[in-house]
Amino acid sequence: MNVLANPNLVHVNYGLRIAGGLILYFLVMKFAGLLHVVELRLLNLFILIAGVYFALKKFKHTHGEHLHYFRALITGVATGAIGSLVFAAFLFIYVSFLDRDFMQYLIENEPMGRFLNPYIASFIVALEGVFSGLLVTFILINFIDTDEPSEG
């Protein structure tokens, strides 16, 4: 069965979509000459929010309109983590092999830049993305109808 069609792999499907969106946005920023504008990186959060939201909606739709709170938490965090880790891997390849001048720019212009290398920069992006995914998921599942715990 295809990853994109498997209802049990919604987190992978939408995680890859998040990664695609982040990579596309990164490349648009590069070709527009705006990589140095730190404030525009905040828009990454909207890509993450959209991906996690639609992953949760899709999971609920493919599972008989049922979504338990903790299953929603796991699905959202896994979706955000996959998207962030794939994007971090892309960033590692980008700053290591494709555009070493960008890595040098980060070293020279970021506050803690002298401590950066491709590994640390990619790790920071991955860590930031995973925790952003956790926060986004926690906020979103309070706005999406989840099943009430059964009384027993």
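The values are calculated or read from the model by the stated rules, or taken from the named source; none is laboratory data. Being a predicted model, the structure only gives us computed values, none of them experimental. Positions of Cβ are generated from backbone atoms using ideal geometry, with glycine treated the same way; all protein chains shown enter the neighbour counts.
Please enumerate the residues belonging to the stretch 79-125 that are modelled with pLDDT of 95 or more and of a type in the set (Gly, Ala, Ser). If the condition is that a residue be modelled with pLDDT of 95 or more and of a type in the set (Gly, Ala, Ser), then Gly80, Ala81, Gly83, Ser84, Ala88, Ala89 are the ones that fit.
Does the stretch 55-64 contain any residue that is within 30 Å of Asn8 (Cα to Cα), under 13 Å from the mean Cα position of the chain (by Cα) and crowded, with 17+ Cβ neighbours inside 10 Å?
Within the stretch 55-64 (the criterion being within 30 Å of Asn8 (Cα to Cα), under 13 Å from the mean Cα position of the chain (by Cα) and crowded, with 17+ Cβ neighbours inside 10 Å), the answer is yes, since at least one residue qualifies.
Across the stretch 63-103, what is the total count of residues that are farther than 17 Å from Phe143 by Cβ and assigned to a helix (DSSP H, G or I)? So the count comes out to 24.
Of the residues that make up the stretch 87-100, is at least one free of Cβ contacts under 8 Å to residues at least 60 places away in the same chain, β-branched (Val, Ile, Thr) and farther than 27 Å from Lys60 by Cβ? The answer is yes, given that some residue of the stretch 87-100 is free of Cβ contacts under 8 Å to residues at least 60 places away in the same chain, β-branched (Val, Ile, Thr) and farther than 27 Å from Lys60 by Cβ. Checking the stated criteria, Leu127 turns out not to satisfy the condition of being part of a helix (DSSP H, G or I) and surrounded by 14 or more Cβ atoms within 10 Å (Cβ to Cβ). With respect to the conditions (1) charged (D, E, K, R); (2) without any contact (Cβ under 8 Å) to a residue 60 or more places away in the chain; (3) in a helix (DSSP H, G or I), Lys60 falls short on a single one, namely (2).
Within the stretch 130-146, identify whether any single residue is aromatic (Phe, Trp, Tyr) and at pLDDT 95 or above, and answer yes or no. It would help to see each step written out before you state the result.
From the stretch 130-146, those aromatic (Phe, Trp, Tyr) are 131, 138, 143; that's our starting set.
Among the residues that remain, those that are also at pLDDT 95 or above are: 131.
Yes - at least one qualifying residue is present in the stretch 130-146.
Of all residues in the stretch 116-130, those satisfying the criterion of being in contact with a helix residue (DSSP H, G or I) (Cβ under 9 Å, 6 or more places away or on another chain) and not polar (S, T, N, Q) are Leu116, Pro118, Tyr119, Ala121, Phe123, Ile124, Val125, Ala126, Leu127, Glu128, Gly129, Val130.
For the residues Ala121, Ala126, the requirement of being in contact with a Ser or Thr (Cβ under 8 Å, 6 or more places away or on another chain) and over 20 Å from Ala72 (Cβ atoms) singles out Ala126. Is there a residue in the stretch 12-24 that is at pLDDT 95 or above, part of a helix (DSSP H, G or I) and exposed (fewer than 13 other Cβ atoms within 10 Å of the Cβ)? Yes; the residues of the stretch 12-24 include at least one that is at pLDDT 95 or above, part of a helix (DSSP H, G or I) and exposed (fewer than 13 other Cβ atoms within 10 Å of the Cβ). Here Leu106 meets each of (1) in a helix (DSSP H, G or I); (2) without any contact (Cβ under 8 Å) to a residue 40 or more places away in the chain; (3) surrounded by fewer than 17 Cβ atoms within 10 Å (Cβ to Cβ) with one exception, condition (3). Whether any residue in the stretch 30-42 is assigned to a helix (DSSP H, G or I), closer than 17 Å to Asn142 by Cα and free of Cβ contacts under 8 Å to residues at least 40 places away in the same chain is what I want to check. There is no residue in the stretch 30-42 that is assigned to a helix (DSSP H, G or I), closer than 17 Å to Asn142 by Cα and free of Cβ contacts under 8 Å to residues at least 40 places away in the same chain.
Each residue in the stretch 130-152 was checked for being hydroxyl-bearing (Ser, Thr, Tyr) and either within 17 Å of Tyr94 (Cα to Cα) or assigned to a helix (DSSP H, G or I) (or both), and 2 pass.
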